[in-house]
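Student: My questions will all concern the structure given below.
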Amino acid sequence: MKLSALAIFFLAFTLSSQTSSFAFPNPHFFPNFTSIPPTLLPNITNTTWNAFRQFAGGRPGQRFQGLSSLKKYFNNFGYFNSTLDAKSFNFTDEFDDMLENAIRTYQKNFNLNVTGELDESTLNKIVQPRCGNADVINGTSSMTKRAASSGSIHATAHYTFFQNMPRWPANRRDLTYAFLAENNLTETAKRVFDRAFDRWAEVIPMTFTRTESYRQADIRIGFYSGDHGDGEPFDGVLGTLAHAFSPTSGHFHLDGAEYWVVEGDVSTSAVSSAVDLESVAVHEIGHLLGLGHSSVEEAIMFPTIASGTRKVVLASDDVEGVQVLYGANPSYNGTTTSTDENRETSGSGGRFGPILGFWVILGLSLSFLLI
Ligand SMILES: [Zn+2]
Ligand SMILES: [Zn+2]
């Protein structure tokens, strides 16, 4: 009885201290990642996804305890035909034909050898942190459709769109974006998003302007933890990093539990699960504009990004795809900005040199430990 009374007290306290029933991480900023005591660092891997490694060598006809969770993974990313299979599918632990087909499609999408088996290179890709958006929309293996339908060796475009190609209408070329107030983002973090929007504005005739009015903004950016009301719960450190909706929804959600690096060289981070915020932001903005995932590994719209890596420059595949939707920016000269100099050197806030090391947003993981 005492325990339940305590639980009710904590529940009441928790609810009363939030503006809604969803968890809004209040990101913490540190001048240097290495200043965080190692004992405060949570798990550096996504345990659910890493457990998939136990299925190494798995092939059709076999049975593995827990294989159903891998089926859920593939279902989440669109690899089962949602209208025909997923609803009636009971996610058994059998390595059945449906799983084999999903693996084959996945292997095609990620340029792997198409074996239909859980070989090492396939598992290495499966466990990589990635975007939460599906690769396959309504049962079509969209990431490879263009490649398969083209016989030309010059047809390198693998960009895709959402079903029915939704895009911002012609009378909406000057979009605004705003940040969820509860996240209390610093100016440094907000500038990461400014730069990410700039990269797309450079190639298409659109502008993106930061506004304080979250409710009226075209694009609303928020860090969330776990289930946050849209049926796409976040999963803690690594796993899915963020997701964004197709036009003209404008919802852009990031997993508050990640170690988001907002300043400095992510590749030299002492924490292996550090994720470069701008790299993820550039990718998700592609979705907000109407792009789906691409099977071109160099493309921003490729679904996975290894932790500790930075990829912020639009590839020709990204540029071609978004220009199909909106046309080219008249001032675009054919090459995207390859450095981060623009905003960082011209911003009124001055320049942050490498001496400051990493500025990191720590989400819920660390919040829990500090409460
Ligand atoms: Zn994505
Ligand atoms: Zn969401």
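The values are calculated or read from the model by the stated rules, or taken from the named source; none is laboratory data. This structure is a prediction, so every number in the text was calculated from the model and none was measured. In this analysis, Cβ positions are derived from the backbone assuming ideal geometry, glycine residues included, and neighbour counts consider all displayed protein chains.
Student: Among V280, V275, which is the only one that is β-branched (V, I, T) and at pLDDT 95 or above?
Tutor: Exactly one of V280, V275 is β-branched (V, I, T) and at pLDDT 95 or above, namely V280.
Student: A196 versus (1) closer than 24 Å to L325 by Cβ; (2) among the hydrophobic types (A, V, I, L, M, F, W, C); (3) within 16 Å of ligand 1 (Cβ to nearest atom); (4) outside any helix (DSSP H, G or I): which is the lone unmet condition?
Tutor: Failing condition for A196: (4).
Student: Pick from the stretch 213-235 the residues that are in a loop (DSSP other than H, G, I, E, B) and surrounded by 21 or more Cβ atoms within 10 Å (Cβ to Cβ): which of them is farthest from ligand 1 (Cβ to nearest atom)?
Tutor: So, considering only residues that are in a loop (DSSP other than H, G, I, E, B) and surrounded by 21 or more Cβ atoms within 10 Å (Cβ to Cβ), the one farthest from ligand 1 (Cβ to nearest atom) is S225.
Student: Answer yes if at least one residue in the stretch 270-278 is assigned to a helix (DSSP H, G or I), touching a residue at least 24 places away in the same chain (Cβ under 8 Å) and in contact with a Lys or Arg (Cβ under 8 Å, 6 or more places away or on another chain), and no otherwise.
Tutor: Scanning the stretch 270-278 turns up at least one residue that is assigned to a helix (DSSP H, G or I), touching a residue at least 24 places away in the same chain (Cβ under 8 Å) and in contact with a Lys or Arg (Cβ under 8 Å, 6 or more places away or on another chain).
Student: Follow-up. Could you please let me know if E187 is within 16 Å of ligand 1 (Cβ to nearest atom) and either closer than 19 Å to L288 by Cα or among the acidic types (D, E) (or both)?
Tutor: no
Student: Being farther than 17 Å from F223 by Cα and among the hydroxyl-bearing types (S, T, Y) is the filter; apply it to the stretch 265-288 and report the residue that is farthest from ligand 1 (Cβ to nearest atom).
Tutor: Filtering the stretch 265-288 for residues that are farther than 17 Å from F223 by Cα and among the hydroxyl-bearing types (S, T, Y), the one farthest from ligand 1 (Cβ to nearest atom) comes out as T268.
Student: So in the stretch 270-314, with the set limited to residues that are acidic (D, E) and surrounded by 24 or more Cβ atoms within 10 Å (Cβ to Cβ), which one is farthest from ligand 2 (Cβ to nearest atom)?
Tutor: D276
Student: A further question follows. Using the structure shown, decide if G239 is without any contact (Cβ under 8 Å) to a residue 24 or more places away in the chain, within 16 Å of ligand 2 (Cβ to nearest atom) and either over 17 Å from L180 (Cα atoms) or not assigned by the TED database to the domain that holds V275 (or both).
Tutor: no
Student: Let me ask something else about it. Residues being surrounded by fewer than 21 Cβ atoms within 10 Å (Cβ to Cβ) and closer than 27 Å to L291 by Cα: count how many of those fall in the stretch 250-266.
Tutor: 2
Student: On to the next question. Would a scan of the stretch 182-195 turn up a residue that is assigned by the TED database to the domain that holds G250 and within 16 Å of ligand 2 (Cβ to nearest atom)?
Tutor: yes
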